[in-house]
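Enquirer: Just passing along the structure, written as structure tokens.
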Amino acid sequence: MDKNMNYGDDYKMIPASSINSGQGIEVLPDLYCYTVQIVNIVLAGDPNTGDFVLIDAGMPESAEDIIGVVESRFGEGSKPKAIILTHGHFDHVGAIIELIERWQVPVYAHPAELPYLKGEMSYPEPDTTVEGGMVAKMSKLFPNEPVQLGENVHTLPEDGSVPHLPEFRWIHTPGHSPGHVSLFREKDGALIAGDAFVTVRQEYLYEVLTQEQEISGPPRYLTTDWVAAKQSVQTLQQLNPTVAITGHGVPMVGEALQNNLKMLADKFDDMAKPDYGKYVN
Ligand SMILES: [Zn+2]
Ligand SMILES: [Zn+2]
């Protein structure tokens, strides 16, 4: 393990939560979605075999919570084979250093996301002026400086395979961030979408608190490339997923998912792209 790791200088606990915080849902027998305050992590793997992977690493200071969830599902002392990151925003890498130190497992991400995971480049400042509600306005609190994971972070295999998840492949879904990826399993249409699209209007505090289910484009205050974001939603829609676990909001399945995702792909500019904001146009 490379011990040379640190969070950005603006790293801090964010006091925002939802009614689903601390709750888990077994979406499929081998896919478990757990909510850390306002973001989801996924445990992918069958509890009967004990082999599993963690997808994303929660909010700042949530390591104890995540370790507790892992051990209650897979047994005391259990650890994942690897951590796969959909992207490197603070709410997806919040506990990653403590988790690497504890488990000593490799982390994988898209090559275009590595500068933000190796302390080389900050994400753009969150856009507090973007069209949207209270969460957009408070997004100036959100850390945007990169984590430094050193040699612990590796690039995902070029052939699209996902380490330790042989049935899944990763799909580059940029727009929300340059190296954003989603994971898809052909045989049952299971999609782990990250923030390519979400099922809660993440800019609006009331909806985040109550987790009111509504398909939505990527969280606006951190999305910088709306052309790529639209293309990514269309790519995912064409896969015809039957189950989607998104980075924020309650998992969406079946017809509701298919109809809503089709609508989002068709009407992306109306539904997802903000009318105004720093990164629009
Ligand atoms: Zn994000
Ligand atoms: Zn997020």
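Read-outs throughout are calculated quantities, based only on the coordinates presented, and are distinct from any laboratory measurement. Values in this document were obtained by computation on a predicted structure and should not be read as measured data. Please note: Cβ atoms are built from the backbone with ideal geometry, for glycine as well, and neighbour counts cover all protein chains shown.
Enquirer: With θ set to phi - 60° and the Karplus curve 6.51 cos²θ - 1.76 cosθ + 1.60, what are the ³J(HN,Hα) couplings of the stretch 54-61 in order, to the nearest whole Hz, using x for Gly and Pro?
Expert: Whole-Hz 3J(HN,Hα) from phi for the stretch 54-61: 9, 10, 6, 10, x, 8, x, 6.
Enquirer: Could you give the C-alpha radius of gyration of the stretch 167-247 expressed as a fraction of 2.2 N^0.38 Å, taking N as the number of residues it contains?
Expert: Against the compact-globule rule of thumb, the ratio is 1.06.
Enquirer: Using the alpha carbon gyration tensor of the chain, what are the three equivalent-ellipsoid semi-axes (square root of 5 times each eigenvalue), largest first, in whole Å?
Expert: Each semi-axis is √(5λ); the values are 25, 22, 18 Å.
Enquirer: Hey, another quick one. Whole angstrom only: what separates the Cα centroid of the stretch 190-232 from the Cα centroid of the stretch 35-104?
Expert: If we compute the Cα centre of each part, the gap is 21 Å.
Enquirer: Another one. Once every DSSP H run of n ≥ 4 in the chain is given -39500 (n - 2.57) and the sum is divided by its residues, what mean residue ellipticity at 222 nm do you get, rounded to the nearest 500 deg cm²/dmol?
Expert: Here the helix-only value at 222 nm equals -6000 deg cm²/dmol.
Enquirer: Same structure, new question: So how compact is the stretch 29-166: Cα radius of gyration and Dmax in angstrom?
Expert: Cα-based Rg and Dmax for the stretch 29-166 come out at 15.4, 48 Å.
Enquirer: Which of the trypsin sites (Lys or Arg not before Pro) found in the stretch 142-233 are loop residues per DSSP with 15 or fewer other Cβ atoms within 10 Å of their Cβ?
Expert: Counting only loop positions with at most 15 other Cβ atoms within 10 Å, the trypsin sites (Lys or Arg not before Pro) in the stretch 142-233 are LYS187.
Enquirer: Apply the Karplus parameterisation 6.51 cos²θ - 1.76 cosθ + 1.60, with θ equal to phi minus 60°, to every residue of the stretch 197-213 and state each ³J(HN,Hα) to the nearest whole Hz, in sequence, with x for glycine and proline.
Expert: 8, 9, 10, 9, 6, 5, 7, 10, 4, 4, 6, 5, 4, 8, 6, 4, 7
Enquirer: Still on this structure, I have one more. Return the lysines within reach of LYS278: Cα separation strictly under 28 angstrom, same-chain partners fewer than 8 residues apart disregarded; answer none if there are no such residues.
Expert: Cross-link targets: LYS12, LYS118, LYS137, LYS140, LYS230, LYS262, LYS267.
Enquirer: Putting +1 on Lys and Arg Cβ atoms and -1 on Asp and Glu Cβ atoms, find which of HIS176, LEU99, PRO146 reaches farthest to the positive end of the dipole of the chain.
Expert: Sorting the options by dipole projection puts first HIS176.
Enquirer: Going by average Cβ neighbours within 10 Å, how do the peptides 20-30, 171-181 rank, with the highest at the top?
Expert: The densest-packed peptide leads the list: 171-181, 20-30.
Enquirer: When you count, for each residue, the other Cβ atoms within 10 Å and take the mean per peptide, how do 73-83, 45-55 rank with the highest first?
Expert: 45-55, 73-83
Enquirer: Take every Cα-Cα pair in the stretch 122-165 and report what % of them are more than 17 Å apart.
Expert: Distances greater than 17 Å cover 58 percent of the Cα pairs.
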